[in-house]
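So the structure is just underneath, and the comments pick up after that.
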Amino acid sequence: MSDSRNIDELSDARGKIDAVDRDLVRLLKQRMDAVESVGAYKQGHCGFVLDPKREEEVALAWADAADERGLSKFFTNRILQEILEHSRRSQEVNADAVSVETKRVGYQGAAMSYSDLAIQKLFAARGSDTQRTGYRTFACVFDALADGSVDYALVPVENSLVGGIHDVSDLILTREVTVVDEEIWPVSHCVAALPGVQPEDVRLVRSHPVALRQCRRQLELMRVDVVEVYDTAGAAVELRSEGRKDVAVICSEEAATASGLIVLRRDIADQQPNETRFLLLAVQAEHEARGVACKTTLSFAVDDRCGALAQCLMVFAQEGINLTRLESRPHPDAPWEYLFLADIEGHREDESLCAALRDIRPFVNNVRVLGTYPSRKDMRQDQAPAQISRPVPRPSAPVVRQEKTRPVSVSGVEIGSDRFTLIIGPCAVETAKQMQDAAALAKANGAHLLRGGAFKPRSSPRSFQGLGFPGLTLLRDAGHHHGLPIVTEALRPEDVPRIAAEADMIQVGARNMQNFALLSELGKTRCPILLKRGMSATVVELLQAAEYILDGGNQRVVLCERGIRTFETATRSTLDVSAVPVLKKMTDLPVIVDPSHAAGVRDLVVPLALAAAAVGADGLIVEAHPYPEEALCDKDQALTQTELAQLISGLGPVLESRGRYL
Ligand code: PEP
Ligand code: MN
């Protein structure tokens, strides 16, 4: 046969392949159009995307057809699985929510790194084009998301060979981000070098440290030196411009090709499969998937006591919730305390997850839901589909519901237990001496916590406004000297981090109960909060205000009834004693009473305090002053030694009748 005839036959065969390929693409498009119609039907009717039975039927039909034509079933099934996964994901996207806008996505590394490839896969199914930007470090990616340079960030969180990626976990825990999707990428490492290089020429291999670790044994066998660089694809680009023939890189085949390198070896990781799991992060939560298997990412901090973590995990187990990952990271603000990052199967609105989040509250001081998103793990062909989350109606009433009170621990003092809590101290911090004397008075009368306002919310701008941070220092010194944890009020969101660092409990005053910016800021701290009822707020509004703090993550909230405005002027406010049993029915948060601000005068404080104990309050916050005649604030209602003694002796029998003690 002549050469020219050979060439003719070859181009003939290639022409056929090209024509078949065009047909394949045309048919794929037709298939995707049909998938879209099925998707629209599912959205409108059943709400569930995944239909395992139907998928099984399709797979069987493909297998039969492959058999008939003598094609490998394994080969056709692999193609089918890709098609099914893409179809399923495109049905997840709510047609109304699809935006034609190009999305800006940030990642760590260079173009064609594994993160970049994972973004391309993820967004192909999300139905939007991407403008992708690689950054040198993970912190730069998070900065870009925070300053609005990108709409999303895709970051690797764990790898099947090397485990969690701690730098990323730390950033997720400390930055304000929401998890909106995940992607699992099968990592396939190649050794790539300049064209013409033979494997035996290579003396040095460069790559990202994680990639080098994943190929350690193979690299040892190759007897080469290794050098860590910031990124796999970046290493390929640099090698190309440098032109060294004794160097190779480990990167994806796509990165090698894009940089004009050739692949010397494929699949050189020490173990297979080598998969990396990525999370897609955004600043705002998105429309959360329904009708597909979901995962939810949570962060929580456990109380520093024996068994707290085990008890949390028991709650998840009792609710039948599967944790797919649990990682502990050092708390950035508290040495030797740990924050946990957990991925669990299920939707944040699933009944079981709502119940678990409520039931772990006694064991955690902080819990945040970072996002619910479609689970990609269950898309793998070798796994049975996970439980599909079924929509449950969102409770319209506050989520806090009737339960036994769950105590809140304030530096070792439990509010809401059988022991009744006494918080005593002056309205305002005035001088070092006043504070020391007040602390001594409080301690001598059985106080568990010391109160004192450093920032005062005064009705008149000409009244004493408090000493501010220097006052907080005086309060802290006095508390420290007398062994009493301190409670003080915060007025402005921007002061919260500093007050949280110095105080044991932060009070929200009646005037600020609906200062939502302040409540949200308090939700981010680990400091227990004393939330006072607004003077004209209903108990439901008080609970809604508490939810701002709880939803922000902080689970240590104590409610306080302090009197409301009524037509009655005989007292400063009207103490709504009924609010205590009413709240106790509606919430599991501890409830204490402030009789001082309700009474306004000294001689009414003790009777109101006893009434509060009788109706089931978990404690009292009362104002007391060592020399009330000199008080700069609320002097008429400040108790002295005389009334404090009456209070203690009066409380004894009342508490006993309720099975409580001081
Ligand atoms: C206080 O406790 O000092 C105070 C100002 O209370 P309220 O916010 O309840 O008026
Ligand atoms: Mn006061």
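Do we have any residue at all in the stretch 84-96 that's of a type in the set (G, A, S), in contact with a strand residue (DSSP E or B) (Cβ under 6 Å, 6 or more places away or on another chain) and under 24 Å from R277 (Cβ atoms)?
no
Just need a number here: residues in the stretch 265-278 that are crowded, with 19+ Cβ neighbours inside 10 Å and of a type outside the set (D, E, K, R).
5
I'm told L575 meets every condition in (1) within 16 Å of ligand 2 (Cβ to nearest atom); (2) closer than 30 Å to D477 by Cα except one. Can you identify the failing condition by its number?
L575 satisfies every listed condition except (2).
For V315, only one of the following conditions fails: (1) under 26 Å from R290 (Cα atoms); (2) touching a strand residue (DSSP E or B) at 6+ places or on another chain (Cβ under 9 Å); (3) among the aliphatic types (A, V, I, L, M). What is its number?
All conditions pass for V315, except number (2).
Being more than 15 Å from ligand 2 (Cβ to nearest atom) and at positive phi narrows it down to one of G616, G552, G563, so name that one.
Selected residue: G616, the only one of G616, G552, G563 that is more than 15 Å from ligand 2 (Cβ to nearest atom) and at positive phi.
Any residue at all in the stretch 456-479 that is assigned to a loop (DSSP other than H, G, I, E, B), within 16 Å of ligand 2 (Cβ to nearest atom), modelled with pLDDT of 95 or more and under 17 Å from C560 (Cα atoms)?
Looking for residues that are assigned to a loop (DSSP other than H, G, I, E, B), within 16 Å of ligand 2 (Cβ to nearest atom), modelled with pLDDT of 95 or more and under 17 Å from C560 (Cα atoms), one finds none in the stretch 456-479, hence no.
Can you find a residue that is farther than 19 Å from Q555 by Cα and among the basic types (K, R) anywhere in the stretch 326-338?
Yes - at least one qualifying residue is present in the stretch 326-338.
Which helices (runs of 4 or more DSSP H) does the stretch 586-662 wholly contain that include 2 or more residues that are surrounded by fewer than 24 Cβ atoms within 10 Å (Cβ to Cβ) and within 43 Å of the chain's Cα centre (by Cα)?
Result: 602-614, 641-657.
Would you mention how many residues in the stretch 456-468 are of a type outside the set (S, T, Y), out of contact with any helix residue (DSSP H, G or I) (no Cβ under 8 Å at 6 or more places or on another chain) and away from ligand 1 (no atom under 11 Å from the Cβ)?
5
Specify which of the listed residues (V205, V150) is over 36 Å from the mean Cα position of the chain (by Cα) and not in a helix (DSSP H, G or I).
So the residue among V205, V150 that is over 36 Å from the mean Cα position of the chain (by Cα) and not in a helix (DSSP H, G or I) is V205.
Please name all residue pairs, on different chains or six or more residues apart, with Cβ atoms under 6 Å, provided the first residue is in the stretch 256-280 and is assigned to a helix (DSSP H, G or I) and the second residue is crowded, with 21+ Cβ neighbours inside 10 Å.
A256/C190; A256/A192; A256/A236; A258/M112
Return the only residue of V487, V496 being in contact (Cβ under 8 Å) with a residue 60 or more places away in the chain, of a type in the set (A, V, I, L, M) and either within 22 Å of R533 (Cα to Cα) or part of a loop (DSSP other than H, G, I, E, B) (or both).
Answer to the check: V487.
Could you check the stretch 614-629 and list, in sequence order, the residues that are within 23 Å of D576 (Cβ to Cβ) and out of contact with any strand residue (DSSP E or B) (no Cβ under 9 Å at 6 or more places or on another chain)?
Once the filter is applied, which keeps residues that are within 23 Å of D576 (Cβ to Cβ) and out of contact with any strand residue (DSSP E or B) (no Cβ under 9 Å at 6 or more places or on another chain), the stretch 614-629 yields only A614.
Given the criteria assigned to a loop (DSSP other than H, G, I, E, B) and either touching an Asp or Glu at 6+ places or on another chain (Cβ under 7 Å) or crowded, with 18+ Cβ neighbours inside 10 Å (or both), does E349 qualify?
yes
Give me the residue from the stretch 404-455 that is among the acidic types (D, E) and either part of a strand (DSSP E or B) or within 16 Å of ligand 1 (Cβ to nearest atom) (or both) and, out of that set, nearest to D594 (Cα to Cα).
The extreme case among them is E414.
Among all residue pairs at least 6 apart or on different chains, which show Cβ distances below 6 Å where the first residue, located in the stretch 501-516, is in contact (Cβ under 8 Å) with a residue 60 or more places away in the chain and the second is part of a loop (DSSP other than H, G, I, E, B) and away from ligand 1 (no atom under 12 Å from the Cβ)?
The qualifying pairs are D504/S411; D504/P485; M505/P528.
What number goes with the only condition from (1) within 16 Å of ligand 1 (Cβ to nearest atom); (2) among the aliphatic types (A, V, I, L, M); (3) out of contact with any Asp or Glu (no Cβ under 8 Å at 6 or more places or on another chain) that A500 does not pass?
So the condition that A500 fails would be (1).
Would you check if A611 is touching a Lys or Arg at 6+ places or on another chain (Cβ under 9 Å), of a type outside the set (D, E) and either within 13 Å of ligand 1 (Cβ to nearest atom) or closer than 23 Å to G652 by Cα (or both)?
So A611 does not fit the description; no.
The values are calculated or read from the model by the stated rules, or taken from the named source; none is laboratory data. Keep in mind the model is a prediction, meaning the values are calculated, not measured. All Cβ positions, glycine included, derive from the backbone under ideal geometry; neighbour counts span all protein chains shown.
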